[in-house]
1. For Ser82, only one of the following conditions fails: (1) part of a loop (DSSP other than H, G, I, E, B); (2) modelled with pLDDT of 95 or more. What is its number?
2. Looking only at residues in region 262-311 that are among the small types (Gly, Ala, Ser) and more than 25 Å from Tyr395 (Cα to Cα), which one is most open to solvent (accessible area, probe 1.4 Å)?
3. Please specify each residue of region 173-195 satisfying the condition of being within 17 Å of Asn407 (Cβ to Cβ) and within 10 Å of the chain's Cα centre (by Cα).
4. Kindly check whether there is at least one residue in region 264-281 that is within 30 Å of Ile80 (Cα to Cα) and either modelled with pLDDT of 95 or more or out of contact with any Asp or Glu (no Cβ under 8 Å at 6 or more places or on another chain) (or both).
5. Could you run through region 186-198 and say how many residues are out of contact with any Leu (no Cβ under 6 Å at 6 or more places or on another chain) and surrounded by fewer than 24 Cβ atoms within 10 Å (Cβ to Cβ)?
6. Given Phe74, Phe63, which one is within 15 Å of Ala194 (Cβ to Cβ), of a type in the set (A, V, I, L, M, F, W, C), free of Cβ contacts under 8 Å to residues at least 40 places away in the same chain and open to solvent by less than 80 Å² (accessible area, probe 1.4 Å)?
7. Which members of region 41-56 meet the condition of being under 19 Å from the mean Cα position of the chain (by Cα) and either in a loop (DSSP other than H, G, I, E, B) or within 25 Å of Gly156 (Cα to Cα) (or both)?
8. When you go through Ile368, Ile356 one by one, which is the residue that is closer than 27 Å to Ser205 by Cα and either surrounded by fewer than 23 Cβ atoms within 10 Å (Cβ to Cβ) or out of contact with any Asp or Glu (no Cβ under 9 Å at 6 or more places or on another chain) (or both)?
Amino acid sequence: MEFKRVVVTGLGALTPIGNTFAEYKESLFAGVSGANLITHFNAEKFKTRFACELKNYDPNKYFDRKEARKLDLFAQYALITSEEAIKDSGLNLESIDHDRAGVIWGSGIGGLLTFYEEVTAYAKGDGTPRFSPFFIPKMIADIAAGHISMKYSFRGPNYATVSACASSTHALIESLMHIRLGKVDVMITGGSEAAINDAGMGGFSSMQAISTRNDDFKTASRPFDADRDGFVMGEGSGCLILEEYEHAVRRGAKIYCEVAGGGMSADAYHLTAPHPEGLGAKNVMKYALKDAGIEPEAIDYINVHGTSTPLGDIAETLAIKDVFGEHAYKLSISATKSMTGHLLGAAGAIESIAAILAIQNNKIPPTINHFTDDPQIDNKMNFTLNTAQDKVVNYALNNTFGFGGHNSSVIFKKI
């Protein structure tokens, strides 16, 4: 069977370093830190009092008050970026076949704020259950995909992928497969997350997963740095419009790049820690390369998972060296979580957009906040430290790994 070609024709972003795709692009190459003291709740008694929040986000700018009340933040973010991506794609929604258009959306946690608020209110009451009728429809992780499909009347495949921090890359790969197989022409895909609240910050803090650098929060996300002490929580959303190549060409669409291939694997090792030799990370990159039909030497840039955790950064660099051999020293690598923080289930989407921007602009976004080399990491590799670098990028790979040992990699190709 001959697979259909799949291209990216629309992008949308709502991130801690930009509330639109254009703003995100500008800040990404400028090396802007999105970290600030938490404003969403009173974090005075928390070990970590900072995060990468959205800036100046006002739901009333996008939704009427009644509609906003029915949507958890993660679903709001999803609807905002999907609208931007649809507009960017130039799709004529009246002329496409809505039975051949679908939505696959990722979120690692879903409506955590809604869950926290409803259960907390119940616990403070007299024991009488007085839950909102919107509680469950606001909270469940699939509801963002449902809202998007209803908004655009996309009646094709519609579901959610939930694989912790790998969720939105899994959504992207699933969407790729549906188009390749000729089942659909258009897919809205990506991911959103909104976990900067008491429960989210408290839970990750108790795991000792997040940075506690309260005295220097702007530089707290330090991938590959010897003094990294955990990731910085982020929030937001990224959306990509995937389209069958011939379908896009017939309508004269602007094409950002081709989705060349994807890979999925499991560490099968530990709930939260990576395999120490990066076994799952090795496999997933190999699978993606095989799926794309290219040799390792074809890759010019890797947007790594690079969370700024002590174990994760080491394991991923070991995996890259294993897969790419001597070519590992010719690669450009960057960890854009140094700027955006870790958007959990939305990370793969916004970092895929970063990889696409590298292809479009022949420019590598930086890994900021690097001060001290880690002797356990091969610093002969080019991590694009602190400043963006010009480079022709024909193929870019994006890695995302999640709690539970879930790994996903996707490869984009210049067209």
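The values are calculated or read from the model by the stated rules, or taken from the named source; none is laboratory data. For clarity, every value in this text was computed on a predicted model and none was experimentally measured. Please note: Cβ atoms are built from the backbone with ideal geometry, for glycine as well, and neighbour counts cover all protein chains shown. Side chains are part of the model used for accessible areas, which takes the heavy atoms of the whole protein and leaves out ligands, DNA and RNA. Shrake-Rupley method; radii C 1.70, N 1.55, O 1.52, S 1.80 Å.
1. All conditions pass for Ser82, except number (1).
2. Initial filter on region 262-311 (among the small types (Gly, Ala, Ser)): 262-263, 265-266, 268, 273, 278, 280-281, 288, 292-293, 298, 306, 308.
Then keep just the ones that are more than 25 Å from Tyr395 (Cα to Cα); that gives 268, 273.
Numbers: Ala268: 98, Ala273: 25 Å².
The selected residue is Ala268.
3. Gly191
4. Checked region 264-281: at least one residue is within 30 Å of Ile80 (Cα to Cα) and either modelled with pLDDT of 95 or more or out of contact with any Asp or Glu (no Cβ under 8 Å at 6 or more places or on another chain) (or both).
5. Keep residues of region 186-198 that are out of contact with any Leu (no Cβ under 6 Å at 6 or more places or on another chain), which gives 186, 188, 191-192, 196, 198.
Then keep just the ones that are surrounded by fewer than 24 Cβ atoms within 10 Å (Cβ to Cβ); that gives 198.
Result for region 186-198: 1.
6. Phe63
7. Applying the first criterion (under 19 Å from the mean Cα position of the chain (by Cα)) to region 41-56 yields 51-55.
Once the filter is applied, which keeps residues that are under 19 Å from the mean Cα position of the chain (by Cα) and either in a loop (DSSP other than H, G, I, E, B) or within 25 Å of Gly156 (Cα to Cα) (or both), region 41-56 yields Glu53, Leu54, Lys55.
8. Ile368
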